[in-house]
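Take a look at the structure set out below.
What follows draws every value from the coordinates through simple rules; no lab data is involved. Keep in mind that this is a model prediction, so the values were computed, not measured. Cβ sites come from the backbone with ideal geometry, for glycine too, and all protein chains shown count toward neighbours.
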Amino acid sequence: MTAPNHSFDVVIIGAGPGGYVAAIRAAQLGLSTAIVEKDKQLGGTCLLRGCIPTKALLESAAVYEQAKHAADYGVVVSDVKLDYEGVRKYKHKIVLKSAKGVEYLMNKNKIRVFNGLGFIEHPRLVSVTNGDTKTQLHTKFIVVATGSTPRDIPLFPTDGVHIINSDHALELTELPTSIVILGAGAVGVEFASIMARFGVETTLVEMLPHILPMEDATISAELERALRAQKITVKTNTRCERATVNEHGVEVKLVDTYGNHTTLQAEKLLVAVGRRPLSAGIGLENTRAVVDKGGYIEVNGFLQTAEPNVYAIGDVINTPWLAHVASAEGIVAVEHLAGHATQPINYDHIPSCTYCEPEVASVGLTEAQARERGYEVKVGSFPFAASGKARILGQTEGLVKIVSDAKYGELLGVHIIGPRATELIAEACVALRGELTTEELVRTIHAHPTLSESVMEAAHGVLGSPIHI
């Protein structure tokens, strides 16, 4: 059955943080806007199966850990227990309230929402299939924001029970006694942090020499030390050869770069080795848009494909898999198609945040990247152990590291591991955007006692004049 046709200035396929933000910006610019979403709720992977539910679990883990050590702060709490069903209810409540928030924003901005599978029939027509009903949306512009999904490994495909991905992990009804996590990027590290604090015997496996391999080497090494102190077994330079389901769970056979073999038995194996873009099956073949071998849609600096009125944003293009990147790209794409003044994104200035314990956040170049680009580099660091506010919080692990150009004092990168790192990084983002020098950070008066002072102190370290260490 075909429903009546509709006409819009722009149709956005996907209602994740890229798609729904693009829709809001389009409506603000006076464009008649429709958004198509296959899920029953709006918000995409980030809200429904990623950022939001994961952070809710992390918050529960942090509260549980703090409650167990409340006596350190002079607060007596007895018989602390973990109610995992209560944890799940808390997570679900946060997700539901956030999804309702996106729905409210669509209504507020008069954006038409179409539930179903979006398909590009040709560059100015999107069909939406929902059951037996097919709706046709005529449009001047299309924005593809279909996102990504966890990547399966052919050698040990997920079954949702014993070998699981991050989507499955979020829906566990009870905690396993033990888990092996393959992949020590942000997803793997965050789940290791959750599971270990919930009392699960946790092993983290990474093929590369460092966990969080995209972060500065100093930060990765500090995090590995901290995770080991939490009794998480960390195996770097190690890959999985085989995973076999048996009566006890999963037998995992590992081999390191030196040829040493290890066999682990765990109740569950979590495969957290990346994601793949959802670009197939949406009709791109009916346009001039180019899709590379990895499944990513090729775009220019304004997120425009080879089909001029078709744009693509978020995980479906080859840029960092981060919700805030997708949102920023959505704004740029819509402003460009609307003829509004805009500018390409500087991907060197994208903050990266991992919400493990301790938190990790960074923006700009690592020390190694700065040297590779030919900079004469100076670095400075400040340990949270020397911070009065960190002592008050009882969270003194970690440090702030600043990478600076020695010749002109240009701020090149800021890397943080420690308490509230994911909030502290915002100052560094503004500093990089404003092209501040390291000395300007030193001259910026920071309130005391705060964690943010540590950024200023690290800048002092670059200039060779540390104050509190």
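Tabulated results
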| quantity | calculated |
| --- | --- |
| Candidate lysines for bridging to LYS293, where Cα separation is under 26 Å - those fewer than 8 sequence places away on the same chain excluded | LYS38 |
| Potential lengthening between THR444 and PHE302 on full extension [0.36 nm per residue; Cα-Cα distance subtracted] | 47.7 nm |
| Zone residues, region 437-469, relative to ALA62, backbone N less than 15 Å from point 7 Å out along Cα-to-Cβ | 451-452 |
| Pairs of lysine residues in region 75-162 - Cα separation under 25 Å, sequence separation of 8 or more or cross-chain | 14 |
| Length added when fully stretched, GLU435-VAL77, from 0.36 nm per residue minus Cα-Cα | 124.1 nm |
| Order by protection proxy (mean Cβ within 10 Å, highest first), peptides 189-195, 463-469 | 189-195, 463-469 |
| Principal semi-axes in Å for region 326-469 [√(5λ), Cα gyration tensor, largest first] | 28, 19, 13 |
| Orphan Cys of the chain, criterion: no other Cys C-beta under 4.7 Å | CYS240, CYS353, CYS356, CYS429 |
| Centroid-to-centroid separation of region 311-379 and region 188-258 [C-alpha atoms, Å] | 26 Å |
| Two-site FRET efficiency, LYS231 against ASN130, from Cβ-Cβ distance with R₀ of 41 Å, rounded to 0.05 | 0.25 |
| Coil-residue chymotrypsin sites (Phe, Trp or Tyr not before Pro) of region 294-360, DSSP, other Cβ within 10 Å capped at 16 | PHE302 |
| Gyration tensor (alpha-carbon) shape descriptor, region 1-47, a/c threshold 1.5 | oblate |
| Separation between Cα centres of region 14-52 and region 434-469, rounded to whole Å | 39 Å |
| Net charge, ALA184 excluded, C-beta distance under 11 Å - Lys, Arg +1, Asp, Glu -1 | -3 |
| Low-density loop cleavage sites - GluC sites (Glu not before Pro) in region 357-415, where at most 14 other Cβ are within 10 Å (DSSP) | GLU376 |
| Förster radius 30 Å - calculated FRET efficiency between THR177 and ALA385 (Cβ-Cβ, nearest 0.05) | 0.30 |
| Estimated Rh, region 422-469: Kirkwood, alpha-carbon pairs, angstrom | 11.0 Å |
| Cut-off 15 Å between beta-carbons: net charge of the residues surrounding HIS468, Lys and Arg +1, Asp and Glu -1 | 0 |
| Under 16 Å from LYS407, Cα to Cα: lysines that are on another chain or at least 8 residues apart | LYS378 |
| Summed side-chain charge close to VAL250 - residues other than VAL250 whose Cβ falls under 15 Å, Lys, Arg +1, Asp, Glu -1 | -3 |
